[in-house]
Amino acid sequence: MDISIREVAPRDGLQNEEPIPTDSKVRLIDALSETGVGRIEAVSFVHPKAIPQMADADEVWRQARKNPNVRYSALIPNTKGAQRAIAAGFREIEVVVSASDTHNRRNLNRSTSESLDDIAALIPLVHDAGAALEVIVATSFGCPFEGDIDPDRVAGIVARVRTDGADRIAFGDTTGMGTPRRVRDLLSVVRPDLLHFHNTRGTGLANILTALELGVTEFDASVGGIGGCPYAPGASGNVATEEVVHMLHDMGLTTGIDLDRMIETAEMAEKLLGRTLPSGVLRAGPRSRLV
Ligand code: MG
């Protein structure tokens with residue numbers, strides 16, 4: 001079975017790290033583009049005052065070598081961002097809304113309901129450009145402010161955005177509150193196209209395995225586990241791509257990714273970021289590498 005990994009280090013990862021130079025971002029995207037990964041979330045088009053890490057998004061994307069075998073996407077917060085992404089040539093665009101109203105207000109300064117109205121207005125603009133819009137439902141497995149999130153609330157958001165014309169749905173475990181039980185509980189009510197898990201509390205791979213057993217075949221991951229947790233300094237965030245690939249390949253599943261190349265990219269990323277990254281496979285190597 002083919003599992004589709006979307007590599008999110010250049011955007012989601014770097015957005016939660018100390019800013020690095022444009023050239024380093026381009027090197028990271030280019031290295032990832034040669035690992036065999038099929039999809040890369042490359043940049044976000046956000047206001048530079050809000051997210052200084054992405055202030056050079058246009059320049060990063062201009063300089064990146066675009067591998068024709070890779071589908072690149074961009075995250076946008078609003079119509080202006082969508083216009084920038086479309087102008088830059090992106091045809092896969094992502095937008096975030098939080099299942100938690102409190103998290104949505106902290107993150108986007110508006111209620112979940114207001115964000116859903118914004119998304120509804122955005123969809124025709126994206127479609128008119130021949131692009132597809134993915135809606136990422138953040139805090140789907142729990143919210144750091146509100147605690148548990150009712151699966152029916154997530155299902156309601158999914159129903160709304162599907163009716164409005166969203167092309168794809170992803171669920172984000174924004175601060176790593178998901179557990180296999182919670183994955184089962186939510187997915188028994190509503191299915192996403194893709195899952196974005198965090199390993200903040202060590203449940204990332206267990207959650208992926210659970211979702212696989214329930215038939216989900218698309219996952220986000222970040223090389224080296226780049227991208228910390230915005231509410232817990234020092235804590236890990238995104239699941240590490242090489243850990244996910246290492247597990248999947250040993251299960252006989254295919255990803256198209258060359259594991260050794262991905263580990264080399266994680267080593268490079270550690271140098272670019274100047275910090276030790278939270279990845280077991282990066283530290284220990286794959287199980288096939290004997291001592
Ligand atoms: Mg993330």
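The values are calculated or read from the model by the stated rules, or taken from the named source; none is laboratory data. Treat the numbers as computed from the prediction; the structure is a model and nothing was measured. Using ideal geometry, Cβ is built from the backbone for each residue, glycine included, and neighbour counts are taken over all protein chains shown. Surface accessibility is based on the protein's heavy atoms, side chains included, excluding ligands, DNA and RNA. Shrake-Rupley method; radii C 1.70, N 1.55, O 1.52, S 1.80 Å.
Can you find a residue in the range 236-254 that is modelled with pLDDT under 95 and either within 30 Å of HIS103 (Cβ to Cβ) or open to solvent by less than 20 Å² (accessible area, probe 1.4 Å) (or both)? There is at least one residue in the range 236-254 that is modelled with pLDDT under 95 and either within 30 Å of HIS103 (Cβ to Cβ) or open to solvent by less than 20 Å² (accessible area, probe 1.4 Å) (or both).
Among the conditions (1) polar (S, T, N, Q); (2) in contact with a Gly (Cβ under 8 Å, 6 or more places away or on another chain); (3) away from the ligand (no atom under 12 Å from the Cβ), THR22 misses just one, which is (2).
Scanning the range 169-197 for residues being open to solvent by 50 Å² or more (accessible area, probe 1.4 Å) and small (Gly, Ala, Ser) gives a total of 1. The helices (runs of 4 or more DSSP H) found wholly in the range 74-147 and carrying at least 1 residues that are at pLDDT 95 or above and under 19 Å from GLY165 (Cα atoms) occupy 79-87, 112-128.
Screening the range 72-88 for residues that are among the β-branched types (Val, Ile, Thr) and touching a strand residue (DSSP E or B) at 6+ places or on another chain (Cβ under 8 Å) and picking the one that is farthest from ILE5 (Cα to Cα) gives ILE86.
Okay, residues lined up against (1) in a strand (DSSP E or B); (2) acidic (Asp, Glu); (3) within 15 Å of the ligand (Cβ to nearest atom); (4) farther than 17 Å from GLY142 by Cβ:
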residue	(1), (2), (3), (4)
VAL189	no, no, no, no
PRO192	no, no, yes, no
GLY202	no, no, no, no
ASN207	no, no, yes, no
VAL244	no, no, yes, yes
LEU248	no, no, no, yes
ASP260	no, yes, no, yes
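Check the range 1-21 and report whether any residue there is within 19 Å of ARG84 (Cα to Cα), open to solvent by 20 Å² or more (accessible area, probe 1.4 Å) and among the β-branched types (Val, Ile, Thr). The answer is no, given that none of the residues of the range 1-21 is within 19 Å of ARG84 (Cα to Cα), open to solvent by 20 Å² or more (accessible area, probe 1.4 Å) and among the β-branched types (Val, Ile, Thr). Candidates ALA166, ALA155, ALA211: the one that is assigned to a helix (DSSP H, G or I), open to solvent by 10 Å² or more (accessible area, probe 1.4 Å), out of contact with any Gly (no Cβ under 6 Å at 6 or more places or on another chain) and among the hydrophobic types (A, V, I, L, M, F, W, C) is ALA155.
Only one of the numbered conditions (1) touching a Gly at 6+ places or on another chain (Cβ under 8 Å); (2) open to solvent by 60 Å² or more (accessible area, probe 1.4 Å); (3) within 16 Å of the ligand (Cβ to nearest atom) is violated by PRO233, and that is (1). Within the range 98-128, the set of residues being open to solvent by less than 30 Å² (accessible area, probe 1.4 Å) and over 18 Å from ALA170 (Cα atoms) comprises SER111 only. Among the residues of the range 220-230, just one is part of a loop (DSSP other than H, G, I, E, B) and either without any contact (Cβ under 8 Å) to a residue 12 or more places away in the chain or open to solvent by 10 Å² or more (accessible area, probe 1.4 Å) (or both), namely PRO230. For ILE51, the conditions (1) of a type in the set (A, V, I, L, M); (2) surrounded by fewer than 24 Cβ atoms within 10 Å (Cβ to Cβ); (3) at pLDDT 95 or above are fulfilled apart from (3).
So, of the residues in the range 269-291 that are loosely packed, with under 14 Cβ neighbours inside 10 Å and hydrophobic (A, V, I, L, M, F, W, C), which turns out to be modelled with the lowest pLDDT?
Looking at the filtered set, the residue picked out is VAL291.
What do you reckon, is ALA266 among the small types (Gly, Ala, Ser), assigned to a helix (DSSP H, G or I) and either more than 16 Å from the ligand (Cβ to nearest atom) or open to solvent by 10 Å² or more (accessible area, probe 1.4 Å) (or both)? In short, yes.
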